[in-house]
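Read the figures in this text as sums done on the coordinates, not as results from a lab. What you are looking at is a predicted structure, and each value in this text was computed from that prediction instead of being measured. Positions of Cβ are backbone-derived with ideal geometry, glycine not excepted, and every protein chain shown enters the neighbour counts.
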Amino acid sequence: MLYFSKSRIILVSLLTCFFIFIASNNILDPSKRFFNKKINLGLDLQGGSYLLLEIDNTPVIDQKLQNTTTLLRTYFKDNNIRIKNLILNDQKINFEVSEEFIEIAIDILNDENSDINPYYPKFKSHEFDIINNGNFLELSFSRQGLVELKTSSQDQALEIVRRRIDEIGTNEPNILKRGNDRVLVELPGLDDPMRIKSLLGKTANLSFRFVSNDNQDSFGVEKLKYENDIDEDFVSKRIILSGDNLLDAQPRMNNQTNETVVSFTLDRVGAKRFGKATSSGIGKQLAIVLDGKIISAPVIRDTIASGNGQISGGFTFQSATDLALLLRSGALPAPLNIIEERTVGPDLGQDSINAGMFALIIGFSLVIIFMFFKYKIFGLITNITLIVNLILLIGILTLFEATLTLPGIAGIILTVGMAVDANVLIFERIKEETKIEKNNIIAFDSGYTKSKTAILDANITTLLAAIILFFMGSGPVKGFSVTLGVGIFTTLFSVYFIARLFTSIYVSRNKNKEGLI
Amino acid sequence: MIKFNRFYNKFNILSLILILISLLLLIFKGLNFGIDFKGGTLIELRSNYSKINVKSLRDTLGQIDLGDVSVKKFGNDKDYLIKFENENKKENIIEEIKLNLDKSFGNNFDLRRVENVGPKVSSELLRSGIIAISISLAVMLIYIWIRFEWQFSLGAILALFHDVIVTLGLFSLLNLEINLSIIAAVLTIVGYSMNDTVVIFDRVRENLKKYSDIKIFDLTNISINETLSRTLITSITTLLALLSIFFFGGEILKGFSLAMIFGVVFGTYSSIYIANTVLVRLRVSQKTILKDDEKI
């Protein structure tokens with residue numbers, strides 16, 4: 001079928017023009033156009049930081065189990081169920097129930113409306129698994145309970161990470177969940193991630209507690225170090241005020257002492273509590289504890305009822321700014337560890353673009369020259385197809401705002417190299433056909449028909465490889481699979497619509513010429 | 001017509017030897033895994049100070065306890081690549097290195113690229129890389145099985161194994177680094193080699209239907225010759241594209257393009273000398289494909 005209907009020719013031309021228009025967005029300024037999308041550059045091309053953070057959920061799990069232990073104790077006590085030997089050990093809660101209450105205790109824990117052991121209808125599972133062995137009961141996190149806990153701490157972590165990064169004000173950060181205990185942060189244009197890394201590395205758990213001078217009392221007191229890692233103090237475990245009660249925090253200059261401080265504003269509940277504590281504790285030292293370390297422990301001189309206060313601790317302006325930022329954006333539910341980091345400076349990114357583009361131009365030119373010498377007029381047709389193919393490929397990437405990476409550019413160059421394959425298969429087949437068939441039109445027609453299965457098979461295999469790579473690959477490599485995969489579709493389109501159109505025009509004008517190809 | 005079939009036996013022996021050597025290399029010498037798969041830290045530096053050389057850089061870095069550090073030039077005289085495993089898991093190690101370099105050489109260094117991969121992530125990446133390659137081989141096997149008969153499927157998959165193993169063997173021999181982009185290259189090689197094999201198989205099947213009196217030994221030779229010029233042209237244009245990536249695409253793409261260049265060469269060779277010889281050795285005949293048609 002070498003015949004092309006007029007409507008089809010118009011449709012193909014329009015489509016090509018449309019993609020030329022879209023592709024040109026990447027060179028011309030598209031801001032005034034109705035369609036102003038552009039190809040996104042990957043972090044490896046525009047420069048930026050990729051950070052993969054893992055949430056260390058151990059403290060959250062421990063805390064939750066600790067709370068549940070307390071809850072169990074009071075609940076059973078309130079309901080006059082005698083239990084003994086309640087201990088939390090190795091992430092398991094163990095206790096013994098007297099004979100007559102064991103059935104009731106199990107019923108309470110297995111109740112679908114249980115307050116202690118919440119039931120998740122969507123998972124058909126309780127938060128805790130219960131094993132009973134005679135009068136002994138053991139509670140541990142069920143699989144779904146653990147998933148639920150991780151998901152919720154991931155949600156919180158994501159929110160806090162977003163707030164912290166927004167506070168710093170980088171452009172268009174990308175913050176995503178990965179699995180159920182990881183957060184991925186992509187920061188385009190950021191070439192020195194030191195500050196962000198140190199900000200994300202802090203849990204920022206703030207508490208105000210009294211310093212206890214009673215060294216004998218070991219139960220309600222813990223020994224904490226100061227920021228300098230040398231001095232220590234005994235601090236009460238009872239938290240007067242935590243970071244949750246903070247409304248605002250700002251770095252300030254204290255005019256009297258000429259020291260940089262962080263001033264804070266408390267919410268109503270916090271202000272009330274703070275007022276009460278400061279009025280009853282005049283003369284005592286109030287420790288300000290951040291992530292298990294004492295920042296400072298000033299002596300209370302006066303009642304502070306306004307809900308405003310200051311934290312001093314030998315800050316530089318930078319460290320005061322960072323602490324204020326951390327306090328404003330809230331505490332992380334659990335510590336975050338950076339388990340993967342990839343940072344590319346903007347000038348390396350630009351170098352990569354330049355090198356990639358240069359390689360594309362050279363590769364493209366070499367292929368075009370080779371094809372012209374090999375096939376002359378049909379080489380020219382192939383080359384036109386190749387140019388259209390490239391425009392379509394860039395156009396589609398633009399249309400979907402795909403992310404172009406350095407391996408992605410390699411994928412485009414490789415597409416150029418492999419795209420001629422389909423045309424070559426057709427032309428070689430036609431060459432064979434012209435040996436037995438004198439009528440050029442019939443020979444061309446059967447050349448197209450007979451090469452079809454081989455072309456299809458050959459392209460599907462490459463497409464399969466690209467699809468697998470897309471799902472298994474990460475980051476820049478994914479960009480490669482995208483350009484390679486999209487390249488296959490644009491190749492097939494340009495070969496069967498563009499190249500065939502030109503071929504049919506040329507062949508129908510030279511029906512009887514011998515040695516056409 | 002070139003008599004490819006004259007050398008079927010000789011090249012089969014050669015391929016077996018190549019595979020054997022590659023396997024021995026992979027087992028005893030192993031692969032040079034980059035930080036993607038081994039974990040560790042990589043820093044790409046650019047200096048604008050002529051008196052810096054690899055030795056002075058190494059000495060400066062030696063003052064910090066980094067464990068095993070490798071310092072290499074990267075493409076030109078100004079760029080250096082530093083790699084270490086960061087076994088002590090020091091935090092802020094990059095800051096420390098930067099301070100140390102600034103102290104020794106003045107502020108003459110730019111950190112152009114920093115990559116830091118933890119042990120957990122690197123083992124995950126390695127696992128998913130191996131899974132990706134295995135899946136791709138399995139998918140190709142199934143695809144050819146659906147499109148052709150099992151003899152063809154076996155031939156194609158043996159050719160793929162050959163390409164993947166020999167390419168990796170060559171990487172082991174030359175001590176070239178295996179990173180994420182090499183996995184991408186291997187998968188693309190799988191696609192390319194398959195593509196090449198399928199085109200010839202397509203012709204073999206067509207000829208099997210056409211000529212009932214020609215033995216598979218000669219039939220494969222005819223098919224190879226008929227598709228030869230396409231095989232060569234596509235290999236050449238693909239190689240032209242790859243060579244331009246290798247020479248002009250920058251240092252980061254060097255390993256990737258090199259792996260692909262090896263792969264295209266092996267892929268072209270294997271579709272002629274492995275895939276087809278399997279058909280010959282399995283005595284594929286017109287019956288093989290007709291039986292299948294009758295089934296349908």
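Within 10 Å of the Cβ of each residue in A:186-195, the mean number of Cβ atoms contributed by other protein chains is 2.
For region A:206-342, the equivalent ellipsoid built from the Cα gyration tensor has semi-axes of 23, 20, 16 Å, listed from largest to smallest. Going by the alpha-carbon gyration tensor, a ≥ b ≥ c the square roots of its eigenvalues, is region A:264-305 rounded (a/c under 1.5) or, if a/c is not under 1.5, prolate (a/b greater than b/c) versus oblate? Judged from the Cα gyration tensor, region A:264-305 comes out oblate (a/c at least 1.5, b/c at or above a/b). Compared with the dominant Cα axis of chain A, that is its longest principal axis, helix A:317-329 is turned about 90°. The relative contact order of region B:40-117, computed from alpha carbon pairs under 8 Å that lie at least 6 residues apart in sequence, is 48 percent.
Which values of log₁₀ I(q)/I(0), to two decimal places, follow from the Debye formula for region B:40-117 at q = 0.25 Å⁻¹ with a uniform point scatterer at every Cα? Per q value, in the given order, log10 I(q)/I(0) is -1.35.
Comparing Cα centroids, region A:11-87 and region A:494-514 end up 52 angstrom apart.
Here the simple spin-label model places points 7 Å from the Cα toward Cβ, and for B:R127 and A:I9 these points are separated by 5.9 nm.
For peptide A:341-347, how many partner chain Cβ atoms fall within 10 Å of a residue's Cβ, on average? Don't jump to the answer; show the numbers that get you there.
Details: counts 8, 7, 8, 7, 7, 1, 3.
So the per-residue partner count for this stretch is 6.
For the pair region A:409-454 and region B:141-217, the centres of their Cα atoms are 21 angstrom apart.
Using only Cα atoms and rounding to the nearest 10 degrees, what angle (0 to 90) does helix A:58-78 make with the longest principal axis of chain A? Taking the Cα atoms of chain A, the angle to A:58-78 is about 50 degrees. A Cα-only calculation for chain B places Rg and Dmax at 24.2, 81 Å. Look at the alpha carbon pairs under 8 Å that are at least 6 residues apart: their mean separation over the length of region B:1-152 gives a relative contact order of 29 percent.
Just counting partner chain Cβ atoms within 10 Å, what average do the residues of peptide A:416-429 show around their Cβ? Could you put the intermediate results ahead of the total?
On the way: counts 5, 15, 9, 4, 7, 11, 1, 2, 8, 6, 1, 3, 9, 4.
That average works out to 6.
Separation of region A:189-261 from region B:258-286 is 68 Å, based on Cα centroids. Most tightly packed first, judged by the mean number of other beta-carbon atoms within 10 Å of their residues, the peptides A:489-500, B:277-288, A:292-303 read A:489-500, B:277-288, A:292-303.
Of A:K64/A:K92; B:K55/B:K103; A:K64/A:K84; A:K376/A:K450; A:K64/A:K225, which ones are farther than 18 Å apart at the Cα? The pairs that break the limit, which is 18 Å between Cα atoms, are A:K64/A:K84; A:K376/A:K450; A:K64/A:K225. Which log10 I(q)/I(0) values does region A:48-188 give at q = 0.11, 0.13, 0.14, 0.21 Å⁻¹ under the Debye formula, counting every alpha carbon as one identical point scatterer? Computed log10 I(q)/I(0) values: -0.52, -0.66, -0.72, -1.21. So if we plug the beta-carbon distance of B:W150 and A:E514 into 1/(1 + (r/R0)^6) with R0 = 60 Å, what FRET efficiency do we get, rounded to 0.05? Here the calculated transfer efficiency is 0.85. For A:K435, the aspartates and glutamates whose Cα falls under 15 Å of its own Cα, not counting residues fewer than eight places away in the same chain, are A:D445, A:E514, B:E226. Most tightly packed first, judged by the mean number of other beta-carbon atoms within 10 Å of their residues, the peptides B:256-267, B:194-205, B:220-231 read B:194-205, B:256-267, B:220-231.
The lysines within cross-link reach of A:K478, meaning a Cα-to-Cα straight distance under 27 Å and a gap of 8 or more places when in the same chain, are A:K37, A:K38, A:K177, A:K197, B:K38, B:K83, B:K120, B:K254.
The angle between the Cα long axis of helix B:8-24 and the longest principal axis of the Cα atoms of chain B comes to about 30 degrees, rounded to the nearest 10.
Just for chain A, what percent of DSSP beta bridges are antiparallel, to the closest 5?
Restricted to chain A, the bridges split so that about 95 percent are antiparallel.
One way to sum up the overall shape of the protein assembly as shown is the equivalent ellipsoid from its Cα gyration tensor, whose semi-axes run 64, 33, 26 Å, largest first.
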